[in-house]
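Enquirer: After the structure tokens below, expect a handful of questions from me.
Coordinate-derived values only; no laboratory data. Values in this document were obtained by computation on a predicted structure and should not be read as measured data. Reconstructed Cβ throughout: ideal geometry from the backbone, glycine too, with neighbour counts over all protein chains shown.
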Amino acid sequence: MNSTDSPLVVYSRESEILDYFGKCEACGYPARATATTEMLAGGGVRTAVVAACSLPCGWTGRVPLTTMTGRVRR
């Protein structure tokens, strides 16, 4: 592996964020979001939140987690 290679992902899980409270950055309409959690071969974990417009304007992008409720531990 050289310095330009990404770490090896050994497991990935995607889940919808049901209480996401964000808006489309292109048109301002409410957006929906998913969180993708990846476990890496070296033992690390990384999570990315990606939102998409609920209208067909086509916008999608990484966003900070913005929810209507606090975090709930399961």
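Enquirer: Expressed in nm to one decimal, what extension gain is obtained for the pair ALA48 and LEU18 from 0.36 nm per residue of sequence separation less their Cα-Cα distance?
Expert: 9.3 nm
Enquirer: Show the residues, 5+ positions off or on another chain, whose built amide H is closer than 5 Å to the amide H of CYS24.
Expert: Answer set, sorted by chain and number: TYR29, ALA31.
Enquirer: Give the Kirkwood hydrodynamic radius (Å, one decimal) of the chain, defined as one over the mean of 1/r across all pairs of different Cα atoms. Working shown, then result.
Expert: Numbers: mean 1/r = 0.0720 Å⁻¹.
Evaluated on the chain, it is 13.9 Å.
Enquirer: Among ALA26, ALA52, ALA35, which one moves the most in a GNM of the chain with springs linking Cα atoms closer than 10 Å?
Expert: Comparing ALA26, ALA52, ALA35 in a Gaussian network model of the chain, the most mobile one is ALA26.
Enquirer: Would you please name the GluC sites (Glu not before Pro) within region 9-74 that are DSSP coil residues with at most 15 other C-beta atoms within 10 Å of their C-beta?
Expert: When the GluC sites (Glu not before Pro) of region 9-74 are filtered for loop state and at most 15 Cβ neighbours within 10 Å, GLU25 remain.
Enquirer: Using Cα-Cα distances under 8 Å and only pairs 6 or more residues apart, what relative contact order does region 9-62 have, in percent?
Expert: 33
Enquirer: Tell me, what HN-Hα J-couplings in whole Hz come from the Karplus equation 6.51 cos²θ - 1.76 cosθ + 1.60 at θ = phi - 60° for each residue of region 30-43, using x for Gly and Pro?
Expert: Once θ is set to phi - 60°, the couplings for region 30-43 become x, 10, 10, 9, 10, 10, 10, 10, 10, 9, 9, 4, x, x Hz.
Enquirer: With +1 on each Lys and Arg Cβ and -1 on each Asp and Glu Cβ, how big is the dipole of region 9-62 about its Cα centre, in debye rounded to the nearest 20? Before the final figure, lay out each step's value.
Expert: On the way: 5 positive and 5 negative charges, 16 e Å.
For region 9-62, the charge dipole is close to 80 debye.
Enquirer: Rounded to the nearest Å, what's the spacing between the alpha carbon centres of region 53-67 and region 1-46? Just the number, please.
Expert: The distance from the Cα centre of region 53-67 to that of region 1-46 comes to 13 Å.
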